[in-house]
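All of the numbers you see were taken from the coordinates with simple rules; none came from a lab. The model shown is predicted, which means the values in this text are computed figures rather than measured ones. No Cβ is skipped: glycine too gets one built from the backbone with ideal geometry, and neighbour counts run over all protein chains shown.
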Amino acid sequence: MKGNTKKIAALLMTSTLVVAAGCGGGGDTAKTAAPKGNENNSASEAAASTEPVTFSFFGGDASPNWNSMQDAVGKAITEKTGVTLNAEFAVSGTDQQKVALMIASGEYPDIIFPKGETSKLVEAGAMVDLTDLIDKHAPNIKKIYGPYMNRLKYSKDDPSIYTIPTNTMVDHTYFDAGGGFELQLAVLKELGYPEIRTVKDFENALREYYEKNPTIDGQPTIPLTLNADDWKIMITVTNPAVYATGGPDDGEFYIDPETHEAKLHYKRPEEKEYFRWLNHMYNTGLLDKESFTQKNDQYLAKIASGRVLGMIDQNWDYQEAENALKGAGKHERTYGHFPVTLTEEYKDPSFVDIGNGSGYGVGLTTALSEEEQVRAIEFLDWMASDEAQILNNWGIEGTHYKVENGKRVIPADVQDRKTNENAAFTKESGIGLYAPLSVRYGDGVKDSTDNYYTTNYPEQITANYSEPMKEALKAYNATTWKDLFPGKDEFPVKKWGAAYNLPSPSTPDFTVPFQKSQDIVRKAIPAAIVASPDQFDAIYDQMLTDLEGSNIPEMEAMYTQLIKDTVELWESEPVSK
């Protein structure tokens with residue numbers, strides 16, 4: 001606990017809490033607020049206090065542009081709510097370590113976005129059940145989640161609400177593709193915009209352009225590179241094996257859509273053939289020899305140089321490098337997205353419908369007193385309001401956007417900075433930095449003024465395309481890259497949402513074999529890819545044998561039960577209050 005400063009502050013708290021998050025810098029932070037008012041007043045009956053208050057916060061994702069709320073949006077949040085966030089964020093791969101240290105010490109931040117570590121915190125008794133707090137003090141959250149409140153429940157056996165999903169947006173519509181297989185626009189143009197449907201098509205395009213262009217700007221051309229640094233091996237190496245063989249993304253598992261049986265997706269025979277193709281790419285010189293030894297920064301530097309022809313990635317992973325290309329005027333070296341699969345018998349399921357699933361979210365910890373919890377939930381609820389969503393997505397009116405004929409518009413100079421000076425612009429403006437702090441509507445949803453909540457909508461997306469991008473899309477008879485992908489109506493709705501968003505069991509009989517499986521896979525897959533072709537089968541088959549030991553099948557059975565319980569819970573009647 002935080003000692004006497006917290007106890008004294010608690011005596012001064014109102015029934016409405018203002019949140020300030022942060023774990024960085026350490027030390028105890030007193031929370032102060034106006035004297036308590038009528039405790040019977042709900043959030044809808046009494047305005048939340050705007051007296052200054054500071055709360056500690058830990059974010060399980062990195063936030064390299066965090067500016068201690070000295071950005072424009074952060075200052076506006078503090079002005080509107082009185083909240084200051086004293087925040088610490090995980091860097092790559094440290095969220096598990098940080099949470100483990102919290103549990104070991106019993107010292108928790110006031111507010112936390114624990115990413116995939118929610119189960120461990122729940123088991124430690126560190127998380128506050130938000131059910132009553134939301135019901136009494138969070139009308140905006142209830143409005144947005146509406147009939148999906150059941151999906152906020154922790155599990156079938158524990159119906160508590162410990163986190164408010166913030167990494168998944170409600171009623172979200174994808175207007176563009178951000179993943180799949182990427183090819184440079186220059187490659188597409190020189191080759192006459194060929195059909196890119198299978199890995200063979202992708203390979204042929206890389207080889208043909210590479211043979212004609214062994215160097216780019218005086219540096220050796222890299223046909224294809226992958227990012228296997230730490231957990232990102234899942235993004236560019238292992239997860240694509242699922243997509244390319246027709247399976248939707250459920251993290252490390254493949255879940256049978258009929259029986260809901262879960263197994264490690266590497267056990268699917270078709271995925272072995274995908275990895276065999278990567279082995280072929282490596283041995284024919286088309287896959288970067290440094291793919292499994294380079295660090296994330298080296299990966300991005302190669303892309304930013306303009307000499308990487310192709311990737312298999314998500315644009316959020318390489319966006320920094322692509323923005324550097326745009327800033328240098330090398331728009332022809334940016335990338336188009338294609339729904340590539342192993343053979344034509346498969347369809348890329350990137351846009352399968354997961355419904356309004358639950359996901360990683362923000363919660364309150366037992367470091368807060370009951371009075372502080374109220375003000376905290378009211379702050380999180382304010383962050384879900386129309387006012388806050390517009391602020392977080394669009395920025396400050398008159399500075400980051402203007403209203404013309406009733407429509408929000410981003411001026412060209414601002415859009416140029418967002419595109420070409422993304423990191424500096426984000427740090428200065430704060431736009432997008434506060435997403436982990438409450439549930440929000442997704443792309444395509446309009447507010448009461450008939451404006452979109454987010455800045456990602458068809459007209460805005462296409463307006464930001466470069467001329468080479470527009471030329472490529474026109475050649476493929478597409479408006480955005482998503483037009484090339486199978487639509488969600490071509491797949492059944494996933495009844496469990498996205499499994500990687502679900503809180504996995506935290507008991508050793510699950511966590512130990514699961515970690516063992518990851519150790520096996522992350523060693524064997526790279527080894528199989530860089531092996532000589534005649535060694536591939538032996539390495540891969542040994543991996544499959546190893547995945548049948550160490551209590552891994554029992555772990556898979558536990559995950560199967562989690563999926564079945566989730567489907568049962570979500571299909572039950574939603575709770576309405």
Everything considered on the Cα gyration tensor (a ≥ b ≥ c; rounded for a/c under 1.5, else prolate if a/b is larger than b/c, else oblate), segment 359-506 must be described as oblate
Nearest-0.05 FRET efficiency for E273 and Q515 at R0 = 22 Å, using Cβ-Cβ distance, is 0.20
Cα-based Debye curve of segment 392-459 sampled at q = 0.22, 0.26, 0.29 Å⁻¹ gives log₁₀ I(q)/I(0) of -1.08, -1.37, -1.46
Env charge @ Y441, Cβ radius under 12 Å, K,R +1 / D,E -1, value -1
Here the percent of antiparallel bridges among DSSP beta bridges lying wholly in the chain, to the nearest 5, is 55
Sorted largest first, the C-alpha extents of segment 471-551 along its principal axes in whole angstrom are 51, 39, 19
On each of the three principal axes the extent of the alpha-carbon atoms of segment 504-571, given in whole Å and largest first, is 48, 25, 15
Pairs over 32 Å Cα to Cα, from K272/K295; K115/K488; K142/K516; K153/K488; K115/K427, come to K142/K516
Here the averaged projected area of segment 321-425, based on the convex hull of its alpha-carbon atoms and given in nm², is 12.6
Each label sits 7 Å from Cα toward the beta-carbon; between E258 and S448 the label points are separated, in nm, by 5.0
The answer for the net charge of residues other than F57 whose Cβ lies under 9 angstrom from its Cβ, with Lys and Arg +1 and Asp and Glu -1, is -2
Eigenvalues of the alpha-carbon gyration tensor of the chain, times 5 and square-rooted, give semi-axes in Å, largest first, of 41, 29, 22
From DSSP H assignment alone, runs of 4+ in the chain each adding -39500 (n - 2.57), the sum over residues rounded to the nearest 500 puts [θ] at 222 nm at -11500 deg cm²/dmol
The answer for the net charge of residues other than S517 whose Cβ lies under 13 angstrom from its Cβ, with Lys and Arg +1 and Asp and Glu -1, is -1
Restricting to aspartates and glutamates and to Cα separations under 12 Å from K330, and discarding same-chain partners fewer than 8 apart, the set is D217, E322, E467
Debye calc, one equal point scatterer per Cα of segment 55-95, no solvent, log10 I(q)/I(0) at q = 0.18, 0.22, 0.32 1/Å comes to -0.52, -0.72, -1.08
Cα-based Rg then Dmax for segment 174-328, in Å, read 16.0, 55
Here the FRET efficiency for E467 versus E195, based on Cβ atoms and R0 = 22 Å and rounded to 0.05, is 0.45
